[in-house]
């Protein structure tokens, strides 16, 4: 009993609580919304048993009332509101104790995301609501504290419980004809996914830090048959492989005693290869390798830290350019007629934010964002490709 009591006293719990609430207004194309809000919360206590074992459970939830454009099915789907809930558990094992250079991090999590396409749609009735279960392992080698090499794998599975019948997919049909034959059927968006990833960071000079990452995700759409050039399902099932490479440069600097700066530039490359085709039944048009696309992202950011080291005023500005190109998907003109040029979209975003600490745990927040999408796709009867969106939000954050 004495030994058990001694062991229980050795357990250390470091609680973390974060709550952020913001309200404001967004503008989509020429629409101006009323006052909307975003909120998110996180509970994540760190439980340390000794120098070798630690446990990190977490619970989080968020709500977004600002309109978003999300790419779930390969085109810009507009969602009025979004809510998600997540529970996670991560074990951190440090072989060799406090002086060990290796960290082994097995983890598992569950997520439930709800998406409302219209304001009058009920929660949990959304066509694209989904569940996600995942588990994996990450290994980290700290070669020069705090810089490290990381690699690992994940397995995760997604289910779209409301995407189960032709009636629920009415938005994807016109006059009884499917606009996307491959998306008609029961649970055709459900996937099994296998991911491999690796990353590193480290200094390349006294004032420059380099970060790099690479990942590849294999997606098995086990309920989605590949369609042929007549728009009919075959015995093959859809398989996608999405590969990304990222590179970032960080430049921290102290300008004065009370002013610090962190500048960064990020570059990302991605390519999705898929064996799935599409068939436009309205225009009797076969579209091979419909979901293949490449992406390029790049953008700078500046973050300023003003005043006290522990509770600084934080101000940031950032921007990003994003190119998405579909090498096998022809663009359409205003009437929907297919052209010879391939579909391509350029997106531009700019944002600025301010965090002003009022107490040790309480801060005021302000955020402004502007985004614009420009595409050669002119047919927008069902999806938006050319639009601008902006929003401003203000609120508070409480951290403990």
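Nothing in this text is a laboratory measurement; each read-out follows from the coordinates by a stated rule. Predicted, not measured: the structure shown is a model, and the values here were computed from it. No Cβ is skipped: glycine too gets one built from the backbone with ideal geometry, and neighbour counts run over all protein chains shown.
Key figures
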| read-out | value |
| --- | --- |
| Cα gyration tensor, the chain - rounded (a/c under 1.5), prolate or oblate | prolate |
| Exposure proxy order (Cβ contacts within 10 Å, fewest to most) of 192, 260 | 192, 260 |
| Taking the stretch 2-399 and dividing mean pair separation by its residue count, relative contact order in percent (alpha carbons under 8 Å, at least six apart) | 11 percent |
| For the chain, built as a Gaussian network whose Cα springs stay under 10 Å, the top-fluctuating residue of 335, 384, 58 | 335 |
| Which of 362, 197 has the fewest Cβ neighbours within 10 Å, and the rest in rising order | 362, 197 |
| Inter-probe distance in nm under a simple model that places probes 7 Å from Cα toward Cβ, at residue 228 and residue 392 | 5.9 nm |
| Rough spin-label spacing in nm, given labels placed 7 Å along Cα→Cβ, for residue 241 and residue 308 | 5.3 nm |
| Net length gained if the chain between residue 52 and residue 346 were fully extended (0.36 nm per residue, minus Cα distance) | 101.1 nm |
| Distance between modelled label sites at residue 249 and residue 112, nm, 7 Å Cα→Cβ extension | 4.6 nm |
